[in-house]
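Scroll down for the structure; my scribbles are underneath it.
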Amino acid sequence: MSSRIEILNDGGFRSDGRRQYELREMTFDMAEQAGADGSASVAHGLTQVRVSVFGPREAKMRSQTIHDRANINVEVGIAPFSTGDRRKRSKGDKRILEFASTIKSTFEPVIQTALYPRSQIDIFVHVLQQDGGVLQACINATTLALANAGVPLLDFVCAVTGGVHAAAPMLDLTTLEENDLPHVTVAVMPRTGRVTLVSMETRLHVDRFEEILRLAGQAGGVIHKEMRAVVRERTKGLVDAMGAGVRTSDFAEDAMVADS
Amino acid sequence: MRPPSPSIPEKEFLFSTLEKSLRLDGRGLIEMRPLELTFGEELGHVDCTLGKTRVLAQVDAKMVRPLPERPFEGIISVHSEISPMASPEYESTGRPSDEEVALSRMLDKVIRRSDAVDREALCILAGQRVWHLRLTIHCLSDAGNLLDCACMAGMVALRHFRRPDVEVIGDEVTVHPPSSRAPVPLSLHHTPFSLTFALFAPSSSHTNISSQTAPITLLDPSLLEQRLASGTLSLALNAQRELCVVHKAGGVPLTPEEVLSAVNIAVQKAKELEKMVDARVREDWAMKKIEVR
Amino acid sequence: MQITFTSFPSQSGLRSAYASATKHATEDDEDAYMDVEPFDDFESDSSRLTCPGETLTSAQSFMRGHGTYVDNDDVISSVAGTVERVNKLITVRALRTRYNPEVGDLVIGRITEVQPRRWKVDANSRQDAVLMLSSVNLPGGVQRRKLESDELQMRNFFEEGDLLVAEVQAFFSDGAMSLHTRSLKYGKLRNGQLVTVPPILVRRLKSHFFSLPSGVDLILGLNGYIWVSKHVKESEREGEEGFDAEAVYSNRNDDIDDATRTAIARVTNIIRILAAHSVPLTDVVLLEAYEWAVEQDADVKGLLQEDVSDALVAAVTSG
Amino acid sequence: MSVVLPGELVPAQHVNLKLGPGLQQEAASQVTATRAGILEHSANNSRWWVESNSRRYVPAPQEPVVGVITGRLGEGWRVDIGSAHNASLDALAFEGASRRNRPNLKVGSLIYARVSLAHKDMEPELECFDAQTRKAEGFGELKGGFLVRCSLRMSRNLLDPNHFLLPLLGSRFPLDAAVGVNGRVWISAKEPKQTIAAARCIEGADPDGGGMDQLALKMFLDSLDF
């Protein structure tokens, strides 16, 4: 059915009016969620994901502790109403388990786990709406939630999806496009420009793959700028609010003592 | 009781040898362990060994009613399970282990999502009768890189398998036993091979993963290499230079060039594997004298 | 080649203050946030902000502290927060993080587990703290010898869910903290309620115990746990000699009259409001806020309304 | 040479009969095999045992083993020696160890130790010195080198002074080795290549692996580059 819709028309527009390299609107929301140590909501177009981070904290199960670093636990929930066909996925669904394990192994080397021996960091991912690029949204939201929780990270991890339509590469696919096109999700660490995650499940020629990989790497940089701006804005907001409260001489003195 | 993680001397020795581009079993960095395929009595039964890693794959087909939403397509199902017999690493607990999830998802992607088998060719009578192929993967022993071995076994089993010939006259389906008409091979679009690279962070500081120098990449990791690696890159591709699966989650970050160079190595390996698998399957078919006429 | 984005109208009106819905960004954009100014004018700008992965300075001339790591001779930030420098040491302080304990800190915690000769205490840190049986005051005074019977009745002193105030005594090799309550100021908490705030809002003060008028006592735990309770008169506190185990480890609240209950609720709400606006909590600020609230004669519940709480914050911060 | 299977009666008789691994006395003078293997006995027929090969180590007192530290256990460590249960190693069971001065072992360290207690109902215990003389006698932490895992038979062979392998390797390059009868051999040579060659030779000569004899192994060793 979807093949009836033109993916990329002669004028160079996609089905939702975007150009080939145009990303959808991104919304990064770092407002606090009561109870969580850090949380973030991310939307790429109509795809929407919320992530809460708890920890580092005492491990719930002692058998899960690792003597020299923190254990990372990722749980993914996909809301039944997130797709067109309302379907409840069980917790043991292999696809969801793989998804969680992908997020876990992506962040394991990025979080400085060695600073927190025997602790646990819980990452709860909730997919609220799906319209393509779910993995990309989950990775970006997890990065922001971890930054929000003050968990030390080596770098941001910024993910984006790329696809190819008849030799024409495009970025940030919707579900409609994902169903029809081979697509790759790439996550980059912007400081070094290296890719930490590459995930592809559809058939694609090696030469096309190369093109997309490079393109997605660049797009990751663009997303990074946006994410960084949001983190900075939030940090600045908190610093300003705290600065406003500092006026009693008594406190200032104490703050100096504490800082030195 | 799970065996403990490798000791410090093992870890340090492995890292020091890798810096010198040596491997403990004498292989080159991008050399695979010898692959051996042993075919069973029946068609579609293969025992695949990669060094000491061993996987048994078996295919059978039966006639079923197609799924209502796909009346013109046959059904393919893949069953895989890592039992504790493969290695003391695996325990039989309720929830599937990470390895098990990774394996069954990889098999699903390599065999089903990549469209390896022509499903429409499995249709006998539209909406009425189709072939249901069942591929069962038994992991007998894990000495490292079980993933590639299992995918290889599964694909070879599908290549080796032949289904009985059928004849459709009107609404009547006649199945010819192998004794009267030679069974027909499955129609495969392509044969993807899974190739896994283990990645090791360069230099002695293994905590610092974002260093500038290139990481050490090696193909077909052994058990020890796999356990000590800081990340893996799994590719599945066919001899026609088409990638079907790329899976790299975390681990050492790579530059796009490093990813592509691994892909290029894999392209070469896939071509060699294709040649070898093709020859072995034909050889076995010839030996079994399947053709009746 | 340009990578651009957005095609839907932004709905930022619906989103919270920190949401961003940027309309357009291209690769050629001036990088407005790329303030990689030389480190020299760093002193002038005392609150430089940074994000994970940002290079701060060269590792050859500076030392890395908390919140940073070194890669290829660069000191790089690993958290989002403010950069601080003490001589050659560079640290980045994250604005939202779990409590980072130091010896001598006053904390409030909740018992999570009773183990042989020790309690596990949740104190909002990266691991549960440990309170050894030998680190608490036991009935019979300081000189009294440990008895095996104490081990058997540990739940008579503290059991799961009990709140307590304690001091950080030392650290174990794995970084877990050990607490002690060997002072009459410390011990089990009764007659009040707990408020939690981000730990960064509680700074080290001369004293973390203080009383507000209208009979409310406050204990500001450095781990962000704050105890608001009924005032206990100086004379009624258990003296050194008359250590009354029954009273110290009692699980029953005293009688609390309605006026005091209201006062406790009011203080609690004030703390919640100030924390939501990231106002650092000190005795001065709290006292001022409390007086303002009483002056306005706002009812306890009404404080939480947005206009009232904004006015409260404005009154307290404008000075 | 006679092969016995589990359940077979063994003609072992002596006034002072001592039964080794794989044999069990059922009735007064009936000895049966519990393991498949080759029945062996001492020259004077007093000691009998079944020579077999397996990979699972069952601890027996006084045997040297190579273990991996898996965790702390009170005043000592928990050690994996490949047996059904982890062994324990006391911090004081080292040469020159005292309450103040204890060896610095980390999780993952390798040790060469002797089984001091092996009882079917108790955790095995290890010691890294001779309990009488309190001297190390070669036991202690193994630093550097590499750990080779082999069958139990192979490790027993390596301990046999008449076996060809270690002298053969020693004639080619200097080599340190610590052989544990639990199927673990620690080797250390100057060059990583030599260590790899030694590891591959042990695997090649293992009756449960390559199964090469002296001649084949010599050729194999010559084909390696070290």
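Every number here is computed from the coordinates shown, using simple stated rules; none is lab data. The structure displayed is predicted, hence computed values, not measured ones. Here the Cβ is made from the backbone with ideal geometry for all residues, glycine too, and neighbour counts use every protein chain on show.
Taking only C-alpha pairs under 8 Å that are 6+ residues apart, what is the relative contact order of segment D:146-223 in percent?
Across segment D:146-223, relative contact order equals 35 percent.
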Between B:Ile75 and residues 5 or more places away or on another chain, the pairs with built amide H atoms under 5 Å apart involve B:Trp131, B:His132, B:Leu133
The FRET efficiency for A:Lys91 and D:Thr133, from their Cβ-Cβ distance with R0 = 60 Å and rounded to 0.05, is 0.50
For B:Lys289, the lysines lying under 26 Å Cα to Cα, once residues fewer than eight places off in the same chain are dropped, come out as B:Lys62, B:Lys275
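I'd like the mean, over residues of B:34-42, of how many other protein chain beta carbons sit within 10 Å of each residue's own Cβ.
Numbers: counts 0, 0, 0, 0, 0, 0, 0, 0, 0.
Other-chain Cβ atoms within 10 Å of each residue's Cβ, averaged: 0.
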Packing-ranked peptide list from C:204-215, D:11-22, A:209-220, A:154-165, highest mean Cβ count within 10 angstrom first, is A:154-165, A:209-220, C:204-215, D:11-22
Simple spin-label estimate for B:Ala286/D:Leu224, 7 Å along Cα→Cβ, in nm, reads 3.8 nm
Measuring from its Cα centre, chain B shows a charge dipole (+1 at each Lys and Arg Cβ, -1 at each Asp and Glu Cβ) which, in debye to the nearest 20, is 220 debye
Within 10 Å of the Cβ of an average residue in A:219-227, the count of other chain Cβ atoms is 4
Note on the protein assembly as shown: alpha-carbon gyration tensor, axes a ≥ b ≥ c; rule is a/c under 1.5 for rounded, else prolate if a/b larger than b/c, else oblate; result oblate
In terms of the alpha carbon gyration tensor, root eigenvalues a ≥ b ≥ c, rounded if a/c is under 1.5 and otherwise prolate when a/b exceeds b/c or oblate, segment C:91-236 is oblate
Once the in-chain neighbours fewer than 8 apart are removed, the lysines whose Cα is under 20 Å from A:Lys236 read A:Lys225
Chain B: relative contact order from alpha carbon pairs under 8 Å, six or more residues apart, as a whole percent, is 19 percent
Expressed in nanometres to one decimal, the distance between label points 7 Å along Cα→Cβ at D:Gln24 and B:Met85 is 2.5 nm
Surrounding charge for C:Gln60, neighbours by C-beta under 14 angstrom, Lys/Arg +1, Asp/Glu -1, total -1
In the neighbourhood of B:Ala143 defined by beta carbon distances under 9 Å, the net charge of the other residues (Lys, Arg +1; Asp, Glu -1) is +2
Dividing the mean separation of Cα pairs under 8 Å (6+ apart) by the residue count of chain D yields a relative contact order in percent of 15 percent
Expected vector for segment C:184-192, Karplus 3J(HN,Hα) from phi with 6.51, -1.76, 1.60 and θ = phi - 60°, integer Hz, x for Gly and Pro, equals 6, 5, 9, x, 5, 9, 9, 6, x
Rounded to a whole number, the mean other protein chain Cβ count within 10 angstrom for residues of D:76-84 is 1
Only helices counted: for chain B, with every DSSP H run of 4 or more residues adding -39500 (n - 2.57) and the sum spread over all residues, [θ] at 222 nm is -8500 deg cm²/dmol
Checked chain D with the C-alpha gyration tensor, a ≥ b ≥ c its square-rooted eigenvalues, rounded below a/c of 1.5, otherwise prolate if a/b is larger than b/c and oblate if not; verdict oblate
For A:175-185, A:137-147, D:51-61, B:102-112, ranked highest to lowest by mean beta-carbon neighbours within 10 Å, the order is A:137-147, B:102-112, A:175-185, D:51-61
Projected onto the charge dipole of the protein assembly as shown (unit charges on the beta-carbon of Lys, Arg, Asp and Glu, signs +1, +1, -1, -1), the Cα from D:Thr32, C:Pro52, A:Gly237 with the largest positive-side position is that of D:Thr32
Counting only residues 5 or more apart in sequence or on a different chain, those whose built amide H sits under 5 Å from that of A:Leu173 are A:Thr161
Among C:Lys120/C:Lys206; A:Lys94/B:Lys248; B:Lys20/B:Lys52; A:Lys91/C:Lys120; A:Lys94/B:Lys11; B:Lys269/D:Lys218, the pairs whose Cα-Cα distance exceeds 21 Å are C:Lys120/C:Lys206; B:Lys20/B:Lys52; A:Lys91/C:Lys120; A:Lys94/B:Lys11; B:Lys269/D:Lys218
Using alpha carbon centers only, segment C:301-319 is separated from segment B:79-146 by a whole-angstrom value of 62 Å
Protection proxy (average C-beta count within 10 Å per residue), highest first, orders C:63-74, A:74-85 as C:63-74, A:74-85
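Within chain B, which complete DSSP H helices have Cα atoms spanning at least 15 Å along the helix axis and a mean Kyte-Doolittle hydropathy of -0.5 or higher?
Length and hydropathy pass: B:8-19, B:146-160, B:256-288.
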Taking alpha-carbon centroids only, segment D:1-28 lies from segment B:151-172 a number of Å equal to 57 Å
Answer in debye to the nearest 20: the dipole magnitude of the protein assembly as shown about its Cα centre, from +1 Lys/Arg and -1 Asp/Glu charges placed on Cβ, is 2640 debye
For the D:Leu9, B:Thr38 Cβ pair and Förster radius 56 Å, calculated FRET efficiency rounded to 0.05 is 0.90
Here, C:Arg261 and B:Val168, labelled 7 Å along Cα→Cβ, have an inter-label distance in nm of 8.0 nm
With a Förster distance of 30 angstrom and the Cβ-Cβ distance between A:Glu75 and B:Ser92, calculated FRET efficiency to the nearest 0.05 equals 0.85
